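Notes follow once the structure below has been shown.
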Amino acid sequence: MSADPGAAPDAALRLLNEVFGHPDFRGAQREIVEHVAAGGDALVLMPTGGGKSLCYQLPALLRRGTALVVSPLIALMQDQVDALRQLGVRAALINSTLDAEAVAATERALRAGELDLLYCAPERLVMPRMLGALEDARLALFAIDEAHCVSQWGHDFRPEYLQLSLLHERFPEVPRIALTATADPQTRAEIVRRLALGEARVFVSSFDRPNIRYTIVDKQDARSQLLRFIRGAHAGEAGIVYCLARRKVEETAAWLAAQGVNALPYHAGMSSEARAEHQARFQREDGVVMVATIAFGMGIDKPDVRFVAHLDLPKSIEGYYQETGRAGRDGAPADAWMAYGLGDVVQQRRMIEQSEGSEEYRRVSTVKLEALLGLCETAGCRRVRLLSYFGEQAAPCGNCDACLEPPETWDATEAARKALSCIYRTGQRFGAGHLIDVLRGRATERVGQWGHDGLAVFGLGADLDENAWRGVFRQLVALGYARPDHEAYGALRLTEASRPVLKGEQKIELRRAAPRKAKPVARQRAAWPETASPAQTALLERLKAWRAGQAREQAVPAYVIFHDSTLAALAALRPRDLDGLSVIDGIGARKLERYGPQLLELLRE
Ligand code: ADP
Ligand code: ZN
């Protein structure tokens with residue numbers, strides 16, 4: 001599959017159809033492909049799941065010679081190469097997992113011009129031996145994936161990436177395309193500077209992920225809420241559950257497994273073998289739920305993760321966005337679900353206060369946390385809020401909890417006054433649980449011990465239930481009207497901002513707490529009609545079973561054979577001949593030839 005120079009303008013589209021089986025380009029893909037295929041340099045900023053790979057894979061096929069892809073994600077190279085080979089593309093890799101013989105064979109293939117794409121780890125690429133092999137080869141382009149690794153601002157800094165500027169020095173005539181999903185201006189500027197991409201055209205895509213539905217619920221009994229969410233919307237589907245602490249990861253995974261969910265733990269405290277095994281199972285098997293700390297992250301490019309759940313609050317909107325971005329990379333509907341409560345706010349504030357970092361670090365962390373709390377407490381569209389954080393304007397999305405079921409707000413001025421007054425009267429030494437007991441007039445042992453049943457605020461808030469009061473305290477803390485005192489085990493204290501509220505000079509609007517019993521979550525399926533007949537559902541199951549067999553036989557992940565959305569389209573449309581098959585998204589020429597007859601047989605049954 002080799003290139004012809006000056007390929008016709010629609011050659012790109014033809015390859016997209018025939019090789020990749022996609023009917024059309026997404027977003028800026030076409031422009032980027034044409035620009036790079038014509039020999040231009042490019043910097044591509046696209047959210048996770050936006051379709052970055054095609055931006056260099058297609059030019060690799062359109063241009064003569066081998067495209068060299070630099071990627072830090074050694075664990076994923078094999079899967080990427082497998083997926084390309086399935087499509088009939090001549091792809092190979094060189095990294096530390098290969099023995100000397102395999103490396104030599106790949107180098108020979110490179111010199112002989114037998115490769116369309118070669119994936120390579122950065123430390124390998126800058127070795128004299130590899131550079132020598134490249135000098136002898138004909139190069140189509142360099143693709144530098146995860147380009148933010150060159151930036152010290154970011155969190156994934158790789159010193160080896162700094163040396164990649166030598167590609168430009170050694171091979172000035174070979175076009176380069178750098179790609180990343182990290183959008184902030186500082187990182188972007190550093191990529192341009194360090195990789196000498198000053199002349200490159202910059203393509204910035206919207207960071208919206210319209211297929212992800214954002215939901216943030218009041219934390220009550222988080223584990224059961226999570227289980228109801230999984231059973232209701234994502235039974236048998238792949239997902240990631242993020243927790244802050246290792247111990248909670250272990251416990252949650254064990255508990256979910258006991259409830260019949262196919263859940264595995266992952267955190268940095270496990271042996272590297274166990275981690276590798278769990279990651280491989282998540283990647284390759286259908287429907288594994290990974291319960292993990294954020295140690296599980298970079299390089300997860302499983303396209304059919306149907307949900308990402310947070311049982312603890314992340315540190316920032318960047319973190320939240322990056323973690324939730326691992327859902328729905330195939331473009332099919334996916335959920336970002338988070339349970340959030342007062343305890344989360346207290347915990348995150350404590351982590352900042354007690355961190356070893358500089359004053360500046362704490363200040364920045366506090367600002368970031370506050371932006372995230374704003375997202376949690378907003379009564380407006382979550383997506384509008386998220387995107388505005390990244391400098392984009394958007395209209396209410398219709399696909400987040402706030403749009404689908406607008407939260408009620410209420411005039412909480414009186415309640416806020418009572419709550420703050422209760423904090424004050426009890427000496428600013430108690431947490432929300434005790435304060436709520438006092439307000440609701442519950443004569444607990446502790447209330448008696450401290451004589452709080454004799455206070456004027458005792459029983460003053462009996463009109464609101466416990467849940468409503470929890471919502472009030474959480475929001476007061478999130479909005480800065482009260483703050484947890486970490487020297488005193490999270491006792492709530494007043495702040496400067498509480499004064500006007502106490503004096504009745506400031507109105508306070510709050511979100512109404514959700515009713516105690518959660519509604520069942522709407523069922524959501526990848527491109528799957530609500531009205532699917534039992535026969536269609538059974539057919540989909542058969543297709544999945546067939547795919548699992550193929551995946552096992554070829555020792556590749558199931559999605560490398562076909563994505564969920566392709567199987568769903570097959571079951572829904574039931575094409576009867578090869579022509580019918582060929583128009584389905586995800587079935588290119590090679591897969592049609594290879595799997596077409598078997599599929600038709602399955603579809604006829
Ligand atoms: P990124 O690297 O930007 O996170 P990928 O390149 O892995 O994203 O693509 C994400 C998913 O979108 C993949 O499953 C890919 O097959 C799919 N995809 C990319 N481009 C298209 C397209 N033009 N039409 C249909 N699916 C696409
Ligand atoms: Zn919305």
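The values are calculated or read from the model by the stated rules, or taken from the named source; none is laboratory data. Small disclaimer: the values here were computed from a predicted structure and weren't measured. Note: ideal-geometry Cβ built from the backbone for every residue, glycine included; neighbour counts use all protein chains shown.
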Residue check, G398 against (1) in contact with a helix residue (DSSP H, G or I) (Cβ under 6 Å, 6 or more places away or on another chain); (2) more than 17 Å from G480 (Cβ to Cβ); (3) of a type in the set (G, A, S), all met but one. Which one?
-> (1)
Among helices (runs of 4 or more DSSP H) completely within segment 378-460, the ones holding 1 or more residues that are over 30 Å from A181 (Cβ atoms) are 413-425, 432-440, 445-449
Return yes when V81 is in a strand (DSSP E or B) and under 28 Å from the mean Cα position of the chain (by Cα) and no when it is not.
-> no
Is it the case that some residue within segment 114-126 is over 33 Å from the mean Cα position of the chain (by Cα), in contact (Cβ under 8 Å) with a residue 12 or more places away in the chain and surrounded by fewer than 23 Cβ atoms within 10 Å (Cβ to Cβ)?
-> yes
For V89, the lone unmet condition from (1) part of a loop (DSSP other than H, G, I, E, B); (2) in contact (Cβ under 8 Å) with a residue 12 or more places away in the chain; (3) under 23 Å from A332 (Cα atoms) is (3)
Is there any pair with a first residue in segment 471-491 that is part of a strand (DSSP E or B) and a second that is of a type in the set (F, W, Y) whose Cβ atoms are under 7 Å apart and which are 6 or more apart or on different chains, and what are they?
-> A491/F430
Test result for Q279, over 30 Å from V364 (Cβ atoms) and in contact with a Leu (Cβ under 6 Å, 6 or more places away or on another chain) | no
Give the number of residues within segment 192-249 that are touching a strand residue (DSSP E or B) at 6+ places or on another chain (Cβ under 8 Å), farther than 22 Å from P303 by Cβ and of a type in the set (G, A, S).
-> 2
What number of residues within segment 189-241 are outside any strand (DSSP E or B) and within 19 Å of G49 (Cα to Cα)?
-> 9
What are the residues in segment 259-317 that are of a type in the set (D, E, K, R) and without any contact (Cβ under 8 Å) to a residue 60 or more places away in the chain, if any?
-> E273, R275, E277, R281, K315
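Let's see how each residue does on (1) surrounded by fewer than 21 Cβ atoms within 10 Å (Cβ to Cβ); (2) more than 15 Å from ligand 1 (Cβ to nearest atom); (3) not acidic (D, E):
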{"residue": "G51", "(1), (2), (3)": "yes, no, yes"}
{"residue": "A60", "(1), (2), (3)": "no, no, yes"}
{"residue": "A91", "(1), (2), (3)": "no, no, yes"}
{"residue": "S96", "(1), (2), (3)": "yes, yes, yes"}
Report, ordered by the first and then the second residue, all pairs with beta carbons closer than 8 Å, sequence separation of six or more or different chains, a first member in segment 4-29 that is farther than 26 Å from R594 by Cα and outside the structural domain of I561 (by TED's automatic domain parsing), and a second member that is more than 11 Å from ligand 1 (Cβ to nearest atom) and at pLDDT below 90.
-> G27/S206
Only residues that are within 9 Å of ligand 2 (Cβ to nearest atom) and over 21 Å from the mean Cα position of the chain (by Cα): list them for segment 354-394, please.
-> G380
Can you confirm whether segment 13-36 contains a residue that is in a loop (DSSP other than H, G, I, E, B), away from ligand 1 (no atom under 16 Å from the Cβ) and surrounded by fewer than 19 Cβ atoms within 10 Å (Cβ to Cβ)?
-> no
Within segment 353-371, is there a residue that is within 16 Å of ligand 1 (Cβ to nearest atom) and assigned to a loop (DSSP other than H, G, I, E, B)?
-> no
Over segment 385-428, the set of residues buried (at least 19 other Cβ atoms within 10 Å of the Cβ) and free of Cβ contacts under 8 Å to residues at least 40 places away in the same chain is R385, A402, C422, T426
For E123, the lone unmet condition from (1) more than 16 Å from ligand 1 (Cβ to nearest atom); (2) farther than 25 Å from A276 by Cβ; (3) modelled with pLDDT under 95 is (2)
Could you list, in sequence order, the residues of segment 554-597 that are surrounded by fewer than 19 Cβ atoms within 10 Å (Cβ to Cβ) and within 22 Å of P534 (Cα to Cα)?
-> A572, L573, R574, P575, R576
Which of the residues that make up segment 174-229 are at pLDDT 90 or above and among the basic types (K, R)?
-> R176, R193, R194, R201, R209, R213, K219, R223, R228
Of those in segment 63-78 that are farther than 24 Å from H563 by Cβ and modelled with pLDDT of 95 or more, the residue nearest to the chain's Cα centre (by Cα) is V70
If you go through segment 484-522, how many residues are closer than 16 Å to A402 by Cα, surrounded by 15 or more Cβ atoms within 10 Å (Cβ to Cβ) and modelled with pLDDT under 85?
-> 4
Lone qualifier among G341, G331 - being within 16 Å of ligand 1 (Cβ to nearest atom) and either modelled with pLDDT of 95 or more or buried (at least 17 other Cβ atoms within 10 Å of the Cβ) (or both) = G331
Out of segment 288-309, which residues are away from ligand 1 (no atom under 16 Å from the Cβ) and buried (at least 17 other Cβ atoms within 10 Å of the Cβ)?
-> V288, V289, M290, V291, A292, T293, I294, F296, F307, A309
